[in-house]
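Okay, so here's the structure we're looking at.
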Amino acid sequence: MANINNAKRAAELVKEASKRKAVASAREQLWIDALAEYHKDPARNETERRREYIRALENIVHKHPDDVEAKAFLAFHIWDNGSRGIPIGSAQAVESLLKEVFAAQPNHPAHHYRIHLWDGEKEESAVRALPSAALSGQSSPGVAHQWHMAGHTFNKLRRYPDTAWQQEASVRVDNTQVMQDRLMPDQIHNYAHNSEWLVQTLNYLGSASRAVSLACNMIEMPRHPRFNTLDLRTNGTPYEVRGGTAVNGRRRLMETLLRWEMWETALRLADSALLEPTDLPEEQGRRARIVGLAHVGLGQLDRVPADIELVQRAMQHARDLRRVAVDAAEAKALSEKKGRGDVDKAMSDALKPYSEVIENLGDHVKEIEFASDVAKGETNGMLARLEGLKSVSKERQARWRFRLGDREKALALAREAVEGGTNQVHPLLVRTELLWGAGRTNEALEVFGILRERAAWLEPGLPAVGRIAPVIAAAGLTGEWRPKASYPADSGKRPSIESLGSFTWQPQPAPDLEVTGTGGRVHRLTGYRGRPLLVVFYLGHRCVHCMEQLQQLAPRAKEFGEAGIDILAVGTDTPEGLDKTLANAGPGGVFPFPLAADPSRAAFRAWHAHDDFEDVPLHGVFLVDAEGRVRWQDIGPEPFTDFHFLVRESRRLLRLQRRE
């Protein structure tokens, strides 16, 4: 049951359970038989297997009506089948089943299932999941996803303060887990999504500084070619995985800076490791866009041509990558003896992603040029140019149209932005500003009244807030005009948000390390304090892949040294056995870094480079900063060998440390 996503392993475990079922109770035998039948023949029709499993669960519920778990799993599988081509006949029937579960166990984690159940129905049905949204996280406080799920319900109901609270709880619990278990953040399911969703919701509330802080923390996190990266391979092509915290953090950061016109912050961050140039043309173009718009916003129009040139370079880079991708697709298809039609399709498929990137970059150029011309006072043909911009929000379009004299269209767009962004403060700010500017004071005061009800989390120092100062004064308000932050009673009884963990991820102290190297030299982690250290755990001289790893690291040792990083390789050999590792070093029989022995695997265990269940060591690579904190790691059954990536990533992480 715990291996629902690993059918092969689940089938093996069920076979073992079937062998032992004679000692199980009658109820437990029903469970074993149901699972054994489901996993017996994976080649059978999946729909039929799922339907029969539902019937088997119904049989358990019928024969054992006090089996709460049978009811919970029955509800789950009916819901899960809905995404597998077996429609849910009645969501209300599943709701009735779940109510029986909660009647017996009010804090049962099946609140997760109820939220999913109504999340898949019409938006107005989300209110039916409110009782579970109020209890989901509390039912499993150490599971980030349970806090996250309640955010689905509140988000559908446009209750953004509650959505933000739930997502922040999820982020904090995630951080607790990754820091306690010494994991890379992006190894956690939904880690990046939890954080980027919270940044988005903080934007809806007007909590711009907290949004920036969290987005920056996402960018600070260690990157890995399997999870999240903004680098290119040694051959100049992108890695397959470019999502995660790296991309989502940058995009949410730039979205926040643009929405709230935080131009000084944008330029400061662009001059740091947090918003540095990248090798990916789409990301480089987005960076140049926000920098260009910041220069316009601050009146530094003489710097705008250079920003436009950066976007144009990114466009050329994208064209170059497109050509490489198309050529590679053609060569692969031809090597597989594909027909001309299939070859053309492969080339077309390779073309599409880059064509979209190039189109978006072209739009960035047009937007920066348009913003610059507006700032210069240009009016001829400007409204037609604005029509052609695809990446401009309705709020920004409205403000530009108002400035260019098209007030009616501007006010209509501002109204549409409010209608499309229910309970979001930014559209309300823009509409209030434009109504006041148009002399429609009563309407401006009315919209401001709606804004004020939602402004508890709005930062007062933002430019958009400053522009409605006359409206605030006309409303007779002085001093603090925002209401006190509070949550409705049906949000549930929540713990202190701080008790769930840290708002941001931080690197953790490295475990102690004391190992004996060649010549009897003792290596202690404390002896490297004040200088970064790359620690490589390998599985001894008999491990062919380990020897290949050390041989690939050796030529990169100089680059690590130039970055101020020492290297120490720790193997499972005895101190005497290290000579056999050195024999694999190639000419000269010397690696350009010291070797050390850990035959007891004590260091492997302490650094989590060990499978305690199977009692076997694992490969591990760790970057420890000058203060003794683990900044980056890779642990697994295969050795990490992409040192081209790791040199660059190590430099980036150490630059961020200096910023701290």
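The values are calculated or read from the model by the stated rules, or taken from the named source; none is laboratory data. All of these numbers come straight from a predicted model, not from anything done at the bench. Positions of Cβ are backbone-derived with ideal geometry, glycine not excepted, and every protein chain shown enters the neighbour counts. For the accessible areas, the whole protein counts, side chains as well, though only heavy atoms, and no ligand, DNA or RNA atoms are used. Shrake-Rupley method; radii C 1.70, N 1.55, O 1.52, S 1.80 Å.
Table for the structure above
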read-out	value
Anchor Lys338: lysines whose Cα lies under 18 Å away (excluding residues fewer than 8 positions away in-chain)	none
Dmax and Rg, reported as Rg then Dmax, of region 550-660 (C-alpha, Å)	14.7, 43
Solvent-accessible surface (1.4 angstrom probe) belonging to Tyr113, in square angstrom, nearest 10	50 Å²
Accessible-area ranking of Met315, Met1, largest first, probe 1.4 Å	Met1, Met315
Accessible area, probe 1.4 Å, largest first, for residues Met179, Met184	Met179, Met184
Region 477-527 and region 216-280: distance between their alpha carbon centers, rounded to Å	22 Å
Percent of C-alpha pairs per 10 Å bin, region 1-72, short to long	20, 51, 29, 1
Longest to shortest principal axis, alpha-carbon extents of region 56-205, angstrom	47, 36, 30
Check: region 453-589 dipole with +1 on Lys, Arg Cβ and -1 on Asp, Glu Cβ, in debye	340 debye
Kirkwood Rh (inverse of mean 1/r, distinct Cα pairs), region 390-465, angstrom	12.3 Å
Proximal aspartates and glutamates relative to Lys71, as straight alpha-carbon distance under 16 Å, when same-chain residues fewer than 8 apart are discounted	Glu28, Glu52, Glu58, Asp80, Glu95, Glu100
Projected-area mean, region 503-602, by convex hull of Cα positions, square nanometres	7.6 nm²
Reciprocal mean inverse distance between Cα atoms of region 272-423 - Kirkwood radius, Å	17.7 Å
Partners for Lys156 among lysines (Cα-Cα distance below 26 Å; same-chain residues under 8 apart left out)	Lys99, Lys122, Lys394, Lys484, Lys493
Length added when fully stretched, Gln300-Arg601, from 0.36 nm per residue minus Cα-Cα	102.4 nm
Size-normalised alpha-carbon gyration radius of the chain, reference 2.2 N^0.38 Å	1.13
Ala384-Ala475 pseudo-label distance in nm [points 7 Å out on the Cα-to-Cβ vector]	4.1 nm
For Lys21, net neighbour charge (Lys/Arg +1, Asp/Glu -1) across residues whose Cβ lies under 9 Å away	0
For the chain, share of DSSP beta bridges that run antiparallel, in % to the nearest 5	70 percent
